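Below: the structure, in structure tokens.
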Amino acid sequence: MSLRQLQETLRERVRAAANETFGVTLEQISAEVPPRTELGDLAFPVAFELAKLIKQTTGEKRPPRAIAEQLKTALEALPQISRVEVAGAGYLNIFYDRAALLSSLVANSEAGTASLSAATNARPKRMVEHTSINPNKAAHIGHVRNSVIGDTFVRILRAAGETVEVQNYIDNTGVQVADVVVGFMHIERMTLEDIRALDNSLPPERPFDYYCWDLYTRVGLFYRNDDPGGELDPERLKLRAETLHAIEAGDNPTATLADYVATRNVECILDTMERLGIRYDVLPREYEILHLHFWDKAFERMKETGALHYQTEGRNKGCWVMPFESHTGTDDHEADKIIVRSNGTVTYTGKDIAYQLWKLGLLGLDFNYKLFRTYSDGQKTWITTTEPQADSETTDSRPQFGGGATVYNVIDSRQSYPQDIVRRGVAAVAPEIGEEASVHLAYEMVALSPAACEELGIRLSAEDRARPHIEMSGRKGLGVKADDLINRLEINALSEVEARHPEITDEERRQTAHQIAVGALRYFLLKFTRNTVIAFDFKEALSFEGETGPYCQYAAVRANAIFRKLDDAAKVSATEIINNASDSESAQRQEVARVLEGESGDEIWSLAVLAAKLDEAIKQSAAAAEPAVLAKYTFNLARAFNLFYHRHRIIAEEDATRRAVLVSVADITRRQLTAALSALGIEVPERM
């Protein structure tokens, strides 16, 4: 029995006893962890709630302490419970049978069921859209925060037993793609064949998405006649409008060129994300939303349900608008409510509503799909297409996409109002699902510390160096490519690995440095709550001390090292001793209980209990849609293990029973710590 199962069993015992003894049905039964170990492992303040309910139903006034005394016997019969005490005015304090429960925790840990739940098809599908980078250039550090939050939330949901579909929306018909196409066609004067030849000639350190990054900046200057402070040139801006129209229309040379540019950038972006362990199930594209008539179907439904109003006067005359009150009354927010402009073009918000309806299985249409990428381990990523699937065998083998019960959109907080419009628009079309089915996982921006900027070669003024953080701007060319950031982290981590482990091969050093770099980056981006502005700093992220990814990894590495050094006989002995402790009549149970008594025993037991709470941390993190909850738990577990490691001899312990307890608790902790790190997308290196 896991710790969570035991706690649920206790709740059910309380619920049944309350019903049988007092005729009262309890819906929610809260539990608390006492502030000191000597007060128990768990406390139920249920007697206070029962006293109120009994008085309401019968008019009888009963003291909570007397109620608690009557409930006490129902909890004492469980084999994992040592005793139950009534404390204060009516608290039920539960003391676990530490020896028996430790035996259960070890058995669950060895069976791989100590924490994470198995996914079940009985649960409705959750859908998480994240990354969704405009496919016009390389990913930057801000995109990485989006992707890491999204990927980690997916891992957390799956760890909680949910079935999850991961989507990465590709806006391949947007203004940003049009701008890069303008750059290739009107600045570079390149044809599609020229672009292909350029792509094939680029060196590995300067791939296609890097080239587009620089070109995108040049296009911004081009629109201002190469004057950074100049006015936008209306004639040159016409090229953007003409290019955008051609891309949206499709089936023309400009659209074909744009498709190549967007697709190559998507391939590069997926390469970048793979370095961080981030993958996707499907890549829905905006082009198909338009050309497979998703928007047309959504538009008709929105008009039928009254979700849209046609404006016949005022500044929005000729537009189809969502009839919601603006949050602030600003022009920007008014523009977000426009779904179809007066010239007939559909806004981003409109296309997002159509896409959201498809995600929730409410549109009555589906994409066509083709295989986009197969990873080395066989995992596949699909992409949408207008072409019908010709290969029936491939069609039968691919997953069924869309049709989720809840959709989580990972989009930065600046898009909160448009996301609110999408949520309310979908609910207006399908009131049976309501607004709760659409969840905006908002997050604040990620910037760089001045020190990080200088390390990456970004020149700063004296004024900028005095700022707490430096904001990025893609259009101004002030930004940090995600790959450059990862490269720098790997270089810094490699220096540390080389100094610590000169005996290992170059390949082993690079692999270890990569794992440390990714762990540092992911943990740094996850330890802050989503509503916190982050200033990324290399030194802070890569530190082996404090609340960092490397610190947590190092604790797991230490724990694993114990079991590499421990001989097989000691492992077998420890297992036998702890297994025997499950027998209430065995002398071994008393010996294990002895080790877990007193101040030293409390400390050892506290670590075992903390390790057993991983599934609780997973559940809380999933419910709050906040990966920082799991990140904090992981750090606390790593810190508790490091304290345990320094205070207790484990391998050298001469007392066989004490060694068995220490080995078992260390084993549970390393398994749980590794699982927690895995849910954060962080690997445990073999050495650090």
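Can you list residue pairs whose Cβ atoms sit under 8 Å apart, with the first residue in the range 660-677 being touching a residue at least 12 places away in the same chain (Cβ under 8 Å) and assigned to a helix (DSSP H, G or I) and the second being aromatic (F, W, Y) and crowded, with 24+ Cβ neighbours inside 10 Å? Count only pairs 6 or more apart in sequence or on different chains.
A666/F641; T669/F641; R670/F641; L673/F641
Restricting attention to the range 368-389, report how many residues are in contact with a helix residue (DSSP H, G or I) (Cβ under 6 Å, 6 or more places away or on another chain) and either at pLDDT below 95 or of a type in the set (A, V, I, L, M) (or both).
Taking the range 368-389 as the starting set, the residues that turn out to be in contact with a helix residue (DSSP H, G or I) (Cβ under 6 Å, 6 or more places away or on another chain) are 384, 386, 389.
Next, only the ones that are either at pLDDT below 95 or of a type in the set (A, V, I, L, M) (or both) stay: 386, 389.
Matching residues across the range 368-389 total 2.
Select from the range 478-506 the residues that are over 16 Å from V446 (Cα atoms) and under 30 Å from the mean Cα position of the chain (by Cα) and list them in ascending order.
Filtering the range 478-506 down to residues over 16 Å from V446 (Cα atoms) leaves 487-506.
N487, R488, L489, E490, I491, N492, A493, L494, S495, E496, V497 - these are the residues of the range 478-506 that are over 16 Å from V446 (Cα atoms) and under 30 Å from the mean Cα position of the chain (by Cα).
For the range 626-642, which residues satisfy the criterion of being farther than 17 Å from T152 by Cβ and charged (D, E, K, R)?
The one that is farther than 17 Å from T152 by Cβ and charged (D, E, K, R): R639.
So which of A427, A437 is surrounded by 15 or more Cβ atoms within 10 Å (Cβ to Cβ), modelled with pLDDT of 90 or more and in contact with a strand residue (DSSP E or B) (Cβ under 6 Å, 6 or more places away or on another chain)?
Working: A427 fails: in contact with a strand residue (DSSP E or B) (Cβ under 6 Å, 6 or more places away or on another chain).
Just one listed residue meets the conditions, A437.
Is it the case that A262 is buried (at least 21 other Cβ atoms within 10 Å of the Cβ) and either touching a Leu at 6+ places or on another chain (Cβ under 7 Å) or small (G, A, S) (or both)? Step through it out loud before you land on a result.
Details: buried (at least 21 other Cβ atoms within 10 Å of the Cβ): yes; either touching a Leu at 6+ places or on another chain (Cβ under 7 Å) or small (G, A, S) (or both): yes.
Yes, satisfied.
Would you be able to say whether some residue in the range 272-295 is β-branched (V, I, T), surrounded by fewer than 20 Cβ atoms within 10 Å (Cβ to Cβ) and either within 26 Å of R398 (Cβ to Cβ) or modelled with pLDDT of 95 or more (or both)? So that I can check it myself, show each step before the final result.
Taking the range 272-295 and keeping what is β-branched (V, I, T), we get 272, 278, 282, 289.
Among the residues that remain, those that are also surrounded by fewer than 20 Cβ atoms within 10 Å (Cβ to Cβ) are: none.
Within the range 272-295, not a single residue is β-branched (V, I, T), surrounded by fewer than 20 Cβ atoms within 10 Å (Cβ to Cβ) and either within 26 Å of R398 (Cβ to Cβ) or modelled with pLDDT of 95 or more (or both).
From the list E597, E547, E576, E498, exactly one residue is within 28 Å of L276 (Cα to Cα), surrounded by fewer than 18 Cβ atoms within 10 Å (Cβ to Cβ) and not assigned by TED's automatic domain parsing to the domain that holds Q80. Which is it?
Details: E597 fails: within 28 Å of L276 (Cα to Cα); E547 fails: surrounded by fewer than 18 Cβ atoms within 10 Å (Cβ to Cβ); E576 fails: within 28 Å of L276 (Cα to Cα).
From the options E597, E547, E576, E498, the qualifying one is E498.
From the list E444, E436, E454, exactly one residue is assigned to a helix (DSSP H, G or I), on the phi < 0 side of the Ramachandran plot, of a type outside the set (G, A, S) and under 21 Å from the mean Cα position of the chain (by Cα). Which is it?
On the way: E444 fails: assigned to a helix (DSSP H, G or I); E454 fails: under 21 Å from the mean Cα position of the chain (by Cα).
Result of the check over E444, E436, E454: E436.
Among the listed residues V572, V595, V557, identify the single one that is of a type in the set (A, V, I, L, M, F, W, C) and without any contact (Cβ under 8 Å) to a residue 24 or more places away in the chain.
Values: V595 fails: without any contact (Cβ under 8 Å) to a residue 24 or more places away in the chain; V557 fails: without any contact (Cβ under 8 Å) to a residue 24 or more places away in the chain.
Checking each option against the conditions leaves just V572.
Does the range 29-46 hold any residues that are assigned to a loop (DSSP other than H, G, I, E, B) and modelled with pLDDT under 90, and which are they?
P35, R36
Starting from residues that are part of a loop (DSSP other than H, G, I, E, B) and of a type outside the set (G, A, S), keep the ones in the range 129-144 and report whichever is nearest to the chain's Cα centre (by Cα). Steps first, please.
As a first pass, look at the range 129-144 and keep what is part of a loop (DSSP other than H, G, I, E, B): 130-139.
Then keep just the ones that are of a type outside the set (G, A, S); that gives 130-131, 133-137.
On the way: H130: 9, T131: 11, I133: 17, N134: 20, P135: 22, N136: 25, K137: 24 Å.
Across the range 129-144, the extreme among qualifying residues is H130.
Which condition from (1) of a type in the set (D, E); (2) assigned by TED's automatic domain parsing to the domain that holds L239; (3) modelled with pLDDT of 95 or more is the one that E205 breaks?
(3)
Run down R647, R671, R658 and say which single residue is among the basic types (K, R) and closer than 13 Å to D615 by Cα. Outline the logic, then answer.
Numbers: R647 fails: closer than 13 Å to D615 by Cα; R658 fails: closer than 13 Å to D615 by Cα.
Exactly one of R647, R671, R658 is among the basic types (K, R) and closer than 13 Å to D615 by Cα, namely R671.
For V86, are the conditions met, namely being surrounded by 14 or more Cβ atoms within 10 Å (Cβ to Cβ), among the β-branched types (V, I, T) and under 24 Å from D602 (Cα atoms)?
Values: surrounded by 14 or more Cβ atoms within 10 Å (Cβ to Cβ): yes; among the β-branched types (V, I, T): yes; under 24 Å from D602 (Cα atoms): yes.
Considered against the rule, which asks whether it is surrounded by 14 or more Cβ atoms within 10 Å (Cβ to Cβ), among the β-branched types (V, I, T) and under 24 Å from D602 (Cα atoms), V86 comes out as yes.
Out of (1) under 15 Å from P253 (Cα atoms); (2) in contact with a strand residue (DSSP E or B) (Cβ under 9 Å, 6 or more places away or on another chain); (3) among the hydroxyl-bearing types (S, T, Y), the odd one out for Y169 is which?
Going through (1) under 15 Å from P253 (Cα atoms); (2) in contact with a strand residue (DSSP E or B) (Cβ under 9 Å, 6 or more places away or on another chain); (3) among the hydroxyl-bearing types (S, T, Y) one by one, Y169 breaks only (1).
Please verify whether the range 343-351 includes one or more residues that are surrounded by 15 or more Cβ atoms within 10 Å (Cβ to Cβ), aliphatic (A, V, I, L, M), modelled with pLDDT under 90 and over 24 Å from G404 (Cα atoms).
Yes, there is a match, as at least one residue in the range 343-351 is surrounded by 15 or more Cβ atoms within 10 Å (Cβ to Cβ), aliphatic (A, V, I, L, M), modelled with pLDDT under 90 and over 24 Å from G404 (Cα atoms).
Give just the number: which of (1) within 23 Å of the chain's Cα centre (by Cα); (2) within 19 Å of T548 (Cα to Cα); (3) in contact (Cβ under 8 Å) with a residue 60 or more places away in the chain does E686 not satisfy?
Answer for E686: the failing condition is (1).
The values are calculated or read from the model by the stated rules, or taken from the named source; none is laboratory data. Being a predicted model, the structure only gives us computed values, none of them experimental. Cβ coordinates were reconstructed from backbone atoms using ideal geometry, including for glycine residues, and neighbour counts include every protein chain displayed.
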